[in-house]
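The structure appears below as structure tokens.
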Amino acid sequence: MRRRSNLGRPGMAEYITTDRDPGSHVGYITLDRGACGNAFDSNMVRQFCEALTAHEEDDAIKAIVLRANGPHFSTGVHIAEIAEIFRPAPAERNEKRKLLNQRIRLTHGRDLWWGPEGLCQRLLHCPKITVVAAHGDCFETGLYFALYADLTIADPSARFGNPKWAQIGVDGDISMLIAAVGLRRAKELIYCNRIWSAEQALAYGLIDAVVPGDRLNAEALQLARDCATIMRDAIAAEKAIVVASLARMQIAMGMAAGAVLSGWATNVHFREGEFNMLKAVRDFGQDEAIDRARAYFDF
């Protein structure tokens, strides 16, 4: 039975659906905000985490397929969300307007993304096996899904990267990226503003397989079904040892640093000739600003 998440604030739109495969122990979580590229805002993050909790608490579910409606898996964080974090705070009388304080920014990065209850740690520590079915743009949040889920398959349209890094620098954890593809490949993605094709992502170790577009959902389901043949206690033991191994690799330290970086990275000053996305949104509107960013950074 298909259900919509209802965690978000009252009156907020619902962007996440959940479902179960009737023939197996597999659940679905579907990103359902295709009209804007499945870009995440705070409400969508909360809805996703609620959907994850629902499947985690269902003993009949052993594996979860993470998929998306629309042409892209996820284009990243919604521009309106970024604008909210950067916006000037209301000024007191006789004071100049100022940027939101560091407390708000650090709390945002910790609670939504990098802290123990943030999306990335929730996905990484999910007790069920998670399988991503990636297609189209997998930028920023889409890239993190590929990194923090257990398995990722993609169709040939999938592209992986984080164009936002070219504008404000790394603003979160990169330890899992380094663990997945190695330091040199990670630096290529970070320093050179690269976008990797599905075949490149496969060759570099970011994803597990590339399948035809018309087979993506079926192949993701079959992979999850294969995982779901394992005994529940065996899955629990395997997940626990993976998490323990990641802890030994200091991944938790990377997450903690990511929460801090997400606050620091908002204190960016743009020089003449550098592209300022938020200024472009203010001057030209969101759609044209995105088009200008794509032209400027060639992605």
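The values are calculated or read from the model by the stated rules, or taken from the named source; none is laboratory data. Nothing here was measured: the structure is a model prediction, and the numbers come from that model. Using ideal geometry, Cβ is built from the backbone for each residue, glycine included, and neighbour counts are taken over all protein chains shown.
Tell me whether region 77-100 contains one or more residues that are in a loop (DSSP other than H, G, I, E, B), touching an Asp or Glu at 6+ places or on another chain (Cβ under 6 Å) and either buried (at least 24 other Cβ atoms within 10 Å of the Cβ) or at pLDDT 95 or above (or both).
No, there is no match, as no residue in region 77-100 is in a loop (DSSP other than H, G, I, E, B), touching an Asp or Glu at 6+ places or on another chain (Cβ under 6 Å) and either buried (at least 24 other Cβ atoms within 10 Å of the Cβ) or at pLDDT 95 or above (or both).
Quick one: would you say Leu124 is touching a Cys at 6+ places or on another chain (Cβ under 8 Å), crowded, with 21+ Cβ neighbours inside 10 Å and not polar (S, T, N, Q)? Full working, then the answer.
Numbers: touching a Cys at 6+ places or on another chain (Cβ under 8 Å): no; crowded, with 21+ Cβ neighbours inside 10 Å: yes; not polar (S, T, N, Q): yes.
Answer is no for this residue.
Can we say Glu117 is among the charged types (D, E, K, R), at positive phi and touching a residue at least 60 places away in the same chain (Cβ under 8 Å)? If you could, list the steps in order and put the result at the bottom.
Details: among the charged types (D, E, K, R): yes; at positive phi: no; touching a residue at least 60 places away in the same chain (Cβ under 8 Å): yes.
Answer is no for this residue.
Residue-wise test of (1) more than 25 Å from Lys62 (Cα to Cα); (2) aromatic (Phe, Trp, Tyr); (3) modelled with pLDDT of 90 or more.
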{"residue": "Arg184", "(1), (2), (3)": "yes, no, yes"}
{"residue": "Leu189", "(1), (2), (3)": "yes, no, yes"}
{"residue": "Trp196", "(1), (2), (3)": "yes, yes, yes"}
{"residue": "Glu199", "(1), (2), (3)": "yes, no, yes"}
{"residue": "Ile207", "(1), (2), (3)": "no, no, yes"}
{"residue": "Asn217", "(1), (2), (3)": "no, no, yes"}
{"residue": "Ile230", "(1), (2), (3)": "no, no, yes"}
{"residue": "Lys239", "(1), (2), (3)": "no, no, yes"}
{"residue": "Ala247", "(1), (2), (3)": "no, no, no"}
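Suppose we filter Ala180, Ala198 for residues that are touching a helix residue (DSSP H, G or I) at 6+ places or on another chain (Cβ under 9 Å) and of a type in the set (Gly, Ala, Ser); which single one remains? Steps first, please.
Details: Ala198 fails: touching a helix residue (DSSP H, G or I) at 6+ places or on another chain (Cβ under 9 Å).
Sole residue among the options that is touching a helix residue (DSSP H, G or I) at 6+ places or on another chain (Cβ under 9 Å) and of a type in the set (Gly, Ala, Ser): Ala180.
Would you confirm whether any residue within region 173-188 is crowded, with 20+ Cβ neighbours inside 10 Å and part of a loop (DSSP other than H, G, I, E, B)?
Checked region 173-188: at least one residue is crowded, with 20+ Cβ neighbours inside 10 Å and part of a loop (DSSP other than H, G, I, E, B).
In region 290-299, which residues are at pLDDT 75 or above and surrounded by 11 or more Cβ atoms within 10 Å (Cβ to Cβ)?
Residues of region 290-299 that are at pLDDT 75 or above, as a first pass: 291-296.
Asp291, Arg292, Ala293, Arg294, Tyr296 - these are the residues of region 290-299 that are at pLDDT 75 or above and surrounded by 11 or more Cβ atoms within 10 Å (Cβ to Cβ).
Can you confirm whether region 205-224 contains a residue that is in contact with a Gly (Cβ under 8 Å, 6 or more places away or on another chain) and either surrounded by 14 or more Cβ atoms within 10 Å (Cβ to Cβ) or not in a helix (DSSP H, G or I) (or both)?
Taking every residue of region 205-224 in turn, at least one turns out to be in contact with a Gly (Cβ under 8 Å, 6 or more places away or on another chain) and either surrounded by 14 or more Cβ atoms within 10 Å (Cβ to Cβ) or not in a helix (DSSP H, G or I) (or both).
Cβ-Cβ under 7 Å, sequence separation 6+ or interchain: first residue in region 152-166 and on the phi < 0 side of the Ramachandran plot and part of a strand (DSSP E or B), partner among the hydroxyl-bearing types (Ser, Thr, Tyr) and modelled with pLDDT of 95 or more. Which pairs?
Listed by first residue and then by second, the contacts come to Arg159/Ser197.
Under 8 Å by Cβ, and 6 or more places apart or on different chains, what pairs join a residue from region 33-61 that is of a type in the set (D, E, K, R) with one that is modelled with pLDDT of 95 or more and in a helix (DSSP H, G or I)?
From residues that are of a type in the set (D, E, K, R), the pairs are Arg33/Met44; Asp59/Arg232.
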